[in-house]
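Participant: Below you will find the structure I want to go over with you.
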Amino acid sequence: MTTPSRADVSRRDFLKTGTTAGAGLLVAFSIPIVDRLGRTLGATTAAAPLEPNGWYAIGTDGIVTIVVDKAEMGQGVMTALPMILAEELDADWNRVRVEFAPTGPVHQKRRGRGQSTGGSSSVRTSYDPLRKAGAQGRAMLVVAAAQKWGVDVASLRTEKSVVHHDATGRSIGYGELAADAAAIAPPPEPALKDPKTYRLIGTRMKRVDTPSKVDGSARFGVDVTLPGMLVATIARCGACGGRVKSFDATKAKAIHGVRHVVKVSNGIAVVADGYWPALQGKRALVIEWDEGAHRAVGSADIAKQFAELAARPGTPVHKVGDAGATHGATSVRAEYHLPFLAHASMEPMNCTADVRADRCEVWAPTQFQSSTFSTAQKLTGLPPESITVHSTFLGGGFGRRAEIDFVTDAVETSKAVAAPVKVMWSREDDMQHDFYRPASHHRLAAEVDASGTPVAWTHRIVAPSVIARFSGMTAIPKGFVDGDATAATGEDFIYAIPNRSVEYHHADTPVPVGWWRSVGLSQNAFVLESFIDEVAHAGKQDPIALRRALLAGKARHLGVLDLATDKANARPLAKGSARGVAVVEGFGSFVAQVAEVSVKGGEIVVHRVVCAIDCGQVINPDTVEAQVESGIVYGLTAALKGEIALDKGRIKQSNFHDYRVMRLSEMPAIEVYIVPSSARPGGVGEPGTPPIAPAVANAVFNLTGKRLRRLPLKLV
């Protein structure tokens with residue numbers, strides 16, 4: 001059984017269908033519910049007597065309903081994850097339906113994990129559980145068929161939701177076997193398929209969510225509408241860390257359509273019949289702000305703080321050999337600086353909540369459903385069984401929707417006004433009240449011997465800590481190191497240099513920081529891959545040849561480097577252009593990129609990007625290619641345009657006119673090549689982002705002789 005979309009049922013009907021499991025599938029699944037064509041399902045399907053685990057159910061009509069417990073924010077998990085399960089189940093893909101998974105302790109226990117999406121982990125962490133889940137059901141169905149026919153299990157095979165007995169020519173569909181199979185205990189360790197026999201995994205499958213996004217039926221957070229729903233906006237202090245001192249709502253309440261003005265944790269909520277009166281009411285508020293201790297801080301102050309910290313020894317992160325001794329004939333030194341960056345999702349933050357005395361429902365475009373659930377429970381004080389979280393599609397996440405500030409806004413406001421409320425952020429709210437990618441400062445030195453080989457390497461990193469902020473640290477303990485800020489610099493450093501030392505300084509700034517697509521690698525890859533180029537030139541070596549020498553024995557790194565450079569060199573380089581290269585390992589995948597650039601009117605123009613990726617076992621090649629292309633676009637925006645600046649404690653940028661993103665006319669041709677691999681799946685959502693900035697910077701150096709050590713990349 002499936003649940004109609006929230007707009008089609010009354011609250012009583014929803015509670016009735018959402019709490020009745022009957023003999024089959026637990027039906028309190030989140031909206032929207034889509035079929036393989038991406039259409040929202042409103043009709044009730046046949047009962048589902050077979051539910052071998054918390055991942056799927058099979059109805060007597062043969063329909064396989066698979067739940068996805070990850071957020072779908074454009075990365076394709078609503079297709080890729082069901083493909084994994086359907087492969088092991090040997091399901092007919094044409095009879096597979098996909099739903100967002102329900103959230104809560106009971107459901108999480110059945111699936112064996114909470115709900116969160118980040119770190120390019122969806123396929124990596126789901127591959128084994130979903131294979132096992134599918135194999136369990138297949139084994140149960142085969143046993144049911146064997147018992148029905150009185151034959152040996154080994155004489156049966158499955159294909160496209162049908163069990164076959166070739167010796168007698170008999171066959172029977174999964175739907176006909178579902179009830180009998182439900183009486184059979186799921187095998188704890190079912191036999192898995194040999195990947196060589198895969199029929200779905202590795203094929204180009206059309207995404208199940210695309211049609212609904214094209215015809216407008218897909219439901220994002222901003223699309224949620226409930227009976228009696230009000231809309232709210234939140235007035236927030238412009239200064240980082242500022243708070244409300246006092247406010248006068250008289251003028252705001254005089255705006256037609258404004259119903260309530262209430263104080264919430266993040267500011268003042270103006271609640272109205274619609275977004276426009278709520279926005280007008282917010283503008284009419286009279287608020288006295290306590291701007292806090294950081295009201296005079298600017299970007300120049302932070303840059304100075306970082307540079308001063310970089311000049312002093314930091315907390316040891318990694319040490320091998322003696323990097324402090326003089327080993328080489330040539331010394332290379334450089335400092336790199338990267339700015340704060342916003343996430344700039346196309347769908348601004350929003351959340352809808354309906355808090356009643358005995359129940360709370362939340363509709364959220366969130367990456368962390370489990371955190372949304374716990375936040376709602378904490379704020380309402382209701383027992384877990386009274387909390388329902390509905391997942392919606394996300395109009396971009398990039399780490400921003402791992403936060404719960406917008407959830408807090410909605411739950412607190414709904415609770416205060418005793419009505420369902422959708423909290424809407426403006427683009428300006430979103431840009432100026434983000435949790436930004438940390439700024440960072442890097443001081444590096446290397447020693448190069450007479451043959452041009454680097455023999456010593458030191459790296460000092462200064463950056464705020466996302467981990468400290470996210471975990472609520474009120475004081476930074478002695479010896480603290482942020483593992484994200486130091487990503488790829490320690491034991492995970494890819495180059496064989498015998499003497500190395502890495503240190504870290506935690507920098508305390510007023511700017512709130514958060515995880516941003518590819519996390520610390522988005523910063524450190526720029527620094528490491530740019531500096532290795534500097535070292536190569538100082539040692540009079542070809543940068544690609546030096547990389548190959550320092551990556552000796554690392555087949556997967558060399559595989560992507562060779563593939564990317566071979567494909568790039570297959571076309572002659574245009575006059576007035578140059579190429580640059582970068583290699584990055586992260587999120588279980590290996591990526592190399594070659595960028596072709598020119599300079600026109602003092603501006604850097606990227607004409608072509610060639611990317612090779614080894615992400616292990618590929619589930620859906622279309623998803624891999626699209627995600628890598630998306631990562632390159634996102635990384636190019638950061639490399640050429642992205643910067644969040646602070647002035648008198650306030651974020652200066654407010655919208656896409658002063659926080660520019662790549663336009664279609666500025667985009668290069670992108671070629672993505674996938675290295676065939678039987679290794680475990682790696683991530684694909686983020687690995688495409690880190691290499692692009694250093695590849696472009698290295699190309700600019702090869703073209704102009706000018707080394708760019710700051711982002712965004714500027715020649716002047």
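Participant: I'd like the accessible area for residue 203, computed on protein heavy atoms only with a 1.4 Å probe and all protein chains in place. Round to 10 Å², please.
Facilitator: We get 50 Å² for residue 203.
Participant: Same structure again: Please tell me the relative contact order of the chain in percent, rounded to the nearest whole number, where contacts are Cα pairs under 8 Å and at least six residues apart. The partial results should precede the final answer.
Facilitator: Values: 1680 pairs, mean separation 98.6, N = 716.
Answer for the chain is 14 percent.
Participant: What aspartates and glutamates could a cross-link reach from residue 706, if we take a straight Cα to Cα line under 15 Å and drop same-chain neighbours fewer than 8 places away?
Facilitator: Hits, sequence-local ones excluded: 335, 533, 534, 603.
Participant: Classify segment 558-716 as rounded, prolate or oblate from the Cα gyration tensor: take a ≥ b ≥ c as the square roots of its eigenvalues, call it rounded if a/c is under 1.5, otherwise prolate when a/b beats b/c and oblate if not. Intermediate results must be reported in sequence, preceding the final value.
Facilitator: Numbers: a/c = 2.12, a/b = 1.33, b/c = 1.59.
In terms of gyration-tensor shape, oblate.
Participant: Here is a follow-up. Mind checking the dipole of segment 270-367: about its Cα centre, +1 per Lys or Arg Cβ, -1 per Asp or Glu Cβ, Debye to the nearest 20? Display every interim value, and only then the final one.
Facilitator: On the way: 9 positive and 12 negative charges, 68 e Å.
Roughly 320 debye for segment 270-367.
Participant: Counting only heavy atoms of protein chains, what accessible area per residue, in Å², does segment 590-716 have with a probe of 1.4 Å?
Facilitator: Working: 4560 Å² over 127 residues.
On a per-residue basis, segment 590-716 sits at 36 Å².
Participant: May I ask you to give the solvent-accessible area per residue for segment 426-491, in square angstrom, as obtained with a 1.4 angstrom probe?
Facilitator: Working: 2330 Å² over 66 residues.
In whole numbers, segment 426-491 has 35 Å² accessible per residue.
Participant: Rank by packing, highest mean first: peptides 79-88, 298-307, with packing defined as the count of other Cβ atoms within 10 Å averaged across residues.
Facilitator: Working: 79-88: 26.2, 298-307: 16.0.
The most tightly packed comes first, giving 79-88, 298-307.
Participant: Could you order 96, 262 so the one with the most accessible surface comes first? Probe is 1.4 Å.
Facilitator: On the way: 96 0, 262 30 Å².
Putting 96, 262 in descending order of accessible area: 262, 96.
Participant: How many nm separate the modelled label positions at residue 599 and residue 331, each set 7 Å beyond the Cα in the direction of the Cβ?
Facilitator: Output for this residue pair reads 2.9 nm.
Participant: I've got another one for you. Which percent of the accessible heavy-atom area of the chain goes to carbon and sulfur, probe 1.4 angstrom? Please list the in-between numbers first.
Facilitator: On the way: 14520 of 27340 Å².
In the chain, the share of accessible area belonging to carbon and sulfur is 53 percent.
Participant: Right, here's the next one. Could you rank the peptides 538-550, 474-486, 136-148, 639-651 by their average count of other C-beta atoms within 10 Å per residue, with the highest value first?
Facilitator: Values: 538-550: 17.5, 474-486: 14.5, 136-148: 22.1, 639-651: 20.0.
Those peptides, ordered most packed to least, come out 136-148, 639-651, 538-550, 474-486.
Participant: For segment 134-276, report the accessible area per residue in Å² (1.4 Å probe, heavy atoms, rounded to an integer).
Facilitator: Values: 7230 Å² over 143 residues.
Per residue, segment 134-276 has an accessible area of 51 Å².
Participant: Using DSSP, restrict attention to beta bridges with both residues in the chain and report what percent are antiparallel, rounded to the nearest 5. Mind dumping the intermediate values first?
Facilitator: Working: 88 of 118 bridges.
The answer is about 75 percent antiparallel.
Participant: Follow-up question, since we're still on this one. Specify which residue in the list 317, 256, 382 is farthest towards the positive end of the charge dipole of the chain, using unit charges on the beta carbon of Lys, Arg (+1) and Asp, Glu (-1), about the Cα centre.
Facilitator: Value: 256.
Participant: Let me see the P(r) profile for segment 101-232: every Cα-Cα distance counted, bins of 10 Å, each bin given as a percent of all pairs.
Facilitator: 9, 26, 30, 21, 10, 3, 0
Participant: How would 174, 198, 673 line up by accessible area, probe 1.4 Å, largest first? Please list the in-between numbers first.
Facilitator: Details: 174 0, 198 30, 673 65 Å².
So the residues, ranked largest to smallest area, are 673, 198, 174.
Participant: Just to confirm my numbers, what's the Cα centroid distance between segment 505-562 and segment 436-487 in Å?
Facilitator: Result: 13 Å between the Cα centres.
Participant: Want the number for residue 243 to residue 194: 0.36 nm per residue separation, take away the alpha-carbon distance, what's left? Don't skip to the end; give the middle numbers.
Facilitator: Working: separation 49, 0.36 × 49 = 17.64 nm, distance 5.88 nm.
That works out to 11.8 nm of additional length.
Participant: Would you mind working out the magnitude of the charge dipole of the chain relative to its Cα centre, with +1 at each Lys and Arg C-beta and -1 at each Asp and Glu C-beta, to the nearest 20 Debye? Kindly include the intermediate steps, with their values, before the conclusion.
Facilitator: On the way: 81 positive and 72 negative charges, 181 e Å.
Around 880 debye, computed over the chain.
Participant: Another question about this same structure. To the nearest 10 Å², what's residue 237's accessible area with a 1.4 Å probe?
Facilitator: The accessible area comes out at roughly 10 Å².
Participant: Also, I was wondering about something else. Which order do 205, 667, 346 take when ranked by solvent-accessible area (1.4 Å probe, heavy atoms of all protein chains), largest first? If you can, show how the numbers build up before the last one.
Facilitator: Numbers: 205 30, 667 50, 346 125 Å².
Ranking 205, 667, 346 by accessible area, largest first, yields 346, 667, 205.
Participant: Ignoring everything but the protein chains, give the 1.4 Å probe accessible area of residue 276 in square angstrom, nearest 10.
Facilitator: Approximately 150 Å² for this residue.
Participant: Between residue 569 and residue 166, what is the FRET efficiency for a Förster distance of 41 Å, r being their Cβ-Cβ separation, to the nearest 0.05?
Facilitator: After rounding to 0.05, the efficiency reads 0.20.
Participant: Taking the alpha-carbon distance from residue 245 and a cut-off under 30 Å, which lysines remain once sequence neighbours fewer than 8 residues away in the same chain are dropped?
Facilitator: 253, 263, 282, 378, 415, 422, 648, 652
Participant: Further, regarding this structure: Would you mind calculating the relative contact order of segment 568-716 from Cα pairs under 8 angstrom and at least 6 residues apart, reporting the percent as a whole number? Each step should come with its number before you reach the end.
Facilitator: Working: 301 pairs, mean separation 55.7, N = 149.
Relative contact order of segment 568-716: 37 percent.
The values are calculated or read from the model by the stated rules, or taken from the named source; none is laboratory data. This structure is a prediction, so every number in the text was calculated from the model and none was measured. For neighbour counting, all protein chains shown are included, and Cβ atoms are generated from backbone atoms with ideal geometry for every residue, glycine included. Accessible surface areas use protein heavy atoms only, side chains included; no ligands, DNA or RNA. Shrake-Rupley method; radii C 1.70, N 1.55, O 1.52, S 1.80 Å.
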